[in-house]
1. Anything in the range 191-206 that is within 16 Å of the ligand (Cβ to nearest atom) and of a type in the set (Gly, Ala, Ser)? List them, or say none.
2. Mind listing just one residue for me: the one in the range 149-177 that is hydrophobic (A, V, I, L, M, F, W, C) and part of a strand (DSSP E or B) and, of those, nearest to the ligand (Cβ to nearest atom)?
3. Does Phe309 meet the test of being within 16 Å of the ligand (Cβ to nearest atom) and of a type in the set (Phe, Trp, Tyr)?
4. Taking the condition under 17 Å from the mean Cα position of the chain (by Cα) and either surrounded by fewer than 17 Cβ atoms within 10 Å (Cβ to Cβ) or not charged (D, E, K, R) (or both), does Pro180 pass?
5. Would it be correct to say that Tyr350 is out of contact with any Ser or Thr (no Cβ under 8 Å at 6 or more places or on another chain), open to solvent by 30 Å² or more (accessible area, probe 1.4 Å) and of a type outside the set (Val, Ile, Thr)?
6. Restricting to the range 321-335, and then to whatever is assigned to a helix (DSSP H, G or I) and either in contact with an Asp or Glu (Cβ under 9 Å, 6 or more places away or on another chain) or open to solvent by 40 Å² or more (accessible area, probe 1.4 Å) (or both), can you tell me which residue is nearest to Val352 (Cα to Cα)?
7. Within the range 357-367, how many residues turn out to be of a type in the set (Val, Ile, Thr) and either within 24 Å of the chain's Cα centre (by Cα) or open to solvent by 60 Å² or more (accessible area, probe 1.4 Å) (or both)?
8. So, restricting to strands (runs of 3 or more DSSP E) that lie completely within the range 1-62, which ones have at least 1 residues that are surrounded by fewer than 21 Cβ atoms within 10 Å (Cβ to Cβ) and touching an Asp or Glu at 6+ places or on another chain (Cβ under 8 Å)?
Amino acid sequence: MSKEEIKAAFISLGCDKNRVDTEEIMGALQEHRISITGRMDEASVIVVNTCSFIGEARSEAVETILEAAQFKKAGKCRLLVATGCMAQMYKEELLREVPEIDLVVGISSYPRLPGLIKKALNHKFRVCIHGTHAEDKLTPQKRIITTPSYSVYVKIAEGCSNRCNYCVIPGLRGDFREKPMVSVFNETKKLVQDGAREINLIAQDTTFYGIPENGKSRLPELLQLLSKIKELKWIRVLYAHPSHLDDRVINTISKNPRVCSYIDLPLQHVNTEILKSMGRFYSKKDIINTFKKIKEAGLTLRTTFMVGFPGEKEEHFRELVSFIKKYPFGRMGAFTYSPEKGTPAFYYRYKVPHKIKIKRWEHLMKTQRKISYIINQKERGKIYPVMIESRVTSESGYQYRGRTPLQAPEVDGCTYFTSPYYYRHGDMVDVMVTHCSAYDLYGRTL
Ligand code: SF4
């Protein structure tokens, strides 16, 4: 390829951890004078960062790759690259099955990607490369932020050592390995200098931070350290794990004014037997204790449940439904069990029929909708700082959409409000809640 400019376009699928990977790959390419474009039709390279968490995610990844391949026929695209969990999981198979793909690059080989792209553009070849997890340097790279600059994710660790019996992630991303605290601090400081006011801390299990070396979570120290960054307004903890959430973490979140009084704690189920067969070693009694501590600390609790796990009988499901009625969650998501090859649960007997899984999912979400509405009703009259994400002009002034510190990006509801005053995206303004729906709040400025 002549010295003409190499332009790369990206499609990032899956979770926010994968999004951070995309942002780091973009930064690495730019450091190697490969420019990033948002236009697929002008890209010489298209990178699809895939997800492989469940079957549906893989179908979406293949569909997206085939759509991107159209630009090899119609556009300037000369190289189609697959990265991410599906590339890690299927390696050569993906290269064989999808001839449109030129490079399949596993999670641990991202540092080699810029050089490989240049080589493949000059000497046309198809290859799949995979390193070991020991190779992936977890020092902060230059990132090209793909979320609004005022609200970003910071990945504090890679991999997971919990090995739940239904989950492919430990097999794909390896055991838990954390970023040094000073690296997380420097990365966050840089992001705040670049305009971030909200930081969402992510990992497969954020509460496991520090445990491998210290035997106890060092998340409290990390939160205290990050809250020293003056311009940073909101620090949010996502993906906590019930087995590693101790009182110090709860206290730090509730006492530190820069840390959102919010915690995301996927529980997956409440029946102790089901939890055991999932490979999640906490009991219903533990959940109730933790729930009470979180409520006493005044935190908003988000959780996620899985329905239809092998062996889940109707009474186990009813137990889950009555649990969320008795112990209401401010925020709740749910998904149906998806059998994943290579996980222990894949070989379990007593599979729940798909129809039943869907019926249970619908019933659980419907129940939560009513609970969420009742909880939101209690927000009327309260005043919250709202971070503005969008603005439309109206006859009487402006209509805004934003989030309070108790609403996480992408997964929770939003706050809509009107104001005669003009504000920019990322500004924070006090809003009085006047009414609500099941998931969203409505209000006005003071
Ligand atoms: S905690 Fe369990 S479900 Fe979550 S990433 Fe780790 S193994 Fe998977």
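The values are calculated or read from the model by the stated rules, or taken from the named source; none is laboratory data. Small disclaimer: the values here were computed from a predicted structure and weren't measured. Reconstructed Cβ throughout: ideal geometry from the backbone, glycine too, with neighbour counts over all protein chains shown. Note: accessible area is taken over every heavy atom of the protein model, side chains too, but ligands, DNA and RNA are not part of it. Shrake-Rupley method; radii C 1.70, N 1.55, O 1.52, S 1.80 Å.
1. Hit for the range 191-206 is Ala203, nothing else.
2. Ala157
3. So Phe309 fits the description; yes.
4. The answer is no for Pro180.
5. yes
6. Ser322
7. Going residue by residue through the range 357-367, those that are of a type in the set (Val, Ile, Thr) are 358, 367.
Checking which are either within 24 Å of the chain's Cα centre (by Cα) or open to solvent by 60 Å² or more (accessible area, probe 1.4 Å) (or both) leaves us with 358.
Residues flagged as of a type in the set (Val, Ile, Thr) and either within 24 Å of the chain's Cα centre (by Cα) or open to solvent by 60 Å² or more (accessible area, probe 1.4 Å) (or both) within the range 357-367 amount to 1.
8. Working: elements: 6-12, 34-36, 45-50.
Once the strands (runs of 3 or more DSSP E) in the range 1-62 are filtered for at least 1 residues that are surrounded by fewer than 21 Cβ atoms within 10 Å (Cβ to Cβ) and touching an Asp or Glu at 6+ places or on another chain (Cβ under 8 Å), what remains is 6-12, 34-36.
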